[in-house]
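Working notes, beginning with the structure itself.
The values are calculated or read from the model by the stated rules, or taken from the named source; none is laboratory data. On a predicted model such as this, the values are computed, not experimentally measured, just so you know. Counting neighbours? That spans all protein chains shown, and the Cβs are built from the backbone with ideal geometry, glycine included. Heavy atoms of the whole protein, side chains included, go into the accessibility calculation; ligands, DNA and RNA do not. Shrake-Rupley method; radii C 1.70, N 1.55, O 1.52, S 1.80 Å.
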Amino acid sequence: MPRRHRIDALGAALLIGVAAVLGLNQVMVKLVNEGMSPVMQAGLRSACAVLPVWAYARVTGKRLSLAPHTILPGIACGLIFSAEFILLFQGIAFTSVAHASILFYTMPVWVALGAHVLIPGERLTPVRLSGLALAVAGVAVALSGAGAVSSARALVGDLMCLVAAMLWAGLALTVRCSALSREANEVALLWQLGLSAAILIPLAYALGDPVRAFTPMIGAIFAAQVILVAVVGYLVWFWVLSVYPASDMAAFGFLSPLFGVGFGWLMLNEPLSLRVALALGLVGAGIVLVTRRPGAA
């Protein structure tokens, strides 16, 4: 399909669908944590996603290079990816889905901050700086309520999700600033999935209790998580990225935490407090401003 210059109805519908899947992912992670440890869940999900991603790359004719110049950044991506999902999946076990969604999806804010230092031409303008300030204020509001929501470990969970967001941003910057930026997107993703599976599954057994009260229902939720998030979500996202302008797609980033908060309320009966709404609003406005490009509608 030829490239399009603006997001149309099809592109918007697909991006909203991907955002909904990513928001639902936080709920599925929390539910599957009842049946297997967070580290085991993260590693097994990566392992299950490797073959579909490789198959998609082969079917679409993508060149999967293992050239020497991709090895070091590939290993770095795999290590960062592993740490990111250890923190995220364990953090979701400690805190609410609403808090996890708000904090984890601050990723574009930390990308903008890192790009300001590392990438020429990606300077923080006054508008983007105001977005950064709003997002940081939203993070502060979310963190300030962690202890009151459940227990002391809720704050630990919140901080883990926030650091996971920073690692996600570091992962994006590593790809962009390394030789992997000149390869197909699938090359970096396969490094992340393959290496994280090799690290996290043995680590889960070393830590003990890799499988808990595993039931057919938890198995079905995990399978849905792999198919919807790691396979379908990935395929749709990169197809949209290949057709539509990335700058227009960025504005949809706010929808993922919005869906996450909504699904947490709908499926887990998490309370929708004024504090959560304020944090979500501040972070969402910050993401929109930080990802805004001059001339964008």
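What the table below lists for this structure:
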read-out: Residues (at pLDDT below 90 and either in contact with a strand residue (DSSP E or B) (Cβ under 9 Å, 6 or more places away or on another chain) or open to solvent by less than 60 Å² (accessible area, probe 1.4 Å) (or both)) located in segment 142-159; value: Ala142, Leu143, Gly145, Ala146, Gly147, Ser151, Ala154
read-out: Residue in segment 117-127 that is among the small types (Gly, Ala, Ser) and touching a residue at least 24 places away in the same chain (Cβ under 8 Å) present; value: no
read-out: Qualifying residue in segment 75-86 (condition: within 29 Å of Ala213 (Cα to Cα), part of a loop (DSSP other than H, G, I, E, B) and modelled with pLDDT of 90 or more); value: no
read-out: Tally, over segment 79-138, of residues that are surrounded by 20 or more Cβ atoms within 10 Å (Cβ to Cβ), under 14 Å from the mean Cα position of the chain (by Cα) and of a type in the set (A, V, I, L, M); value: 12
read-out: Positions within segment 47-69 being modelled with pLDDT of 85 or more, among the small types (Gly, Ala, Ser) and either farther than 22 Å from Ala230 by Cβ or surrounded by 13 or more Cβ atoms within 10 Å (Cβ to Cβ) (or both), in sequence order; value: Ala47, Ala49, Ala57
read-out: Candidates Val240, Val288, Val261, Val187, filtered to the one that is aliphatic (A, V, I, L, M), under 28 Å from Leu72 (Cα atoms) and either modelled with pLDDT of 90 or more or assigned to a helix (DSSP H, G or I) (or both); value: Val187
read-out: Residue match in segment 59-71 (condition: at positive phi and part of a loop (DSSP other than H, G, I, E, B)); value: yes
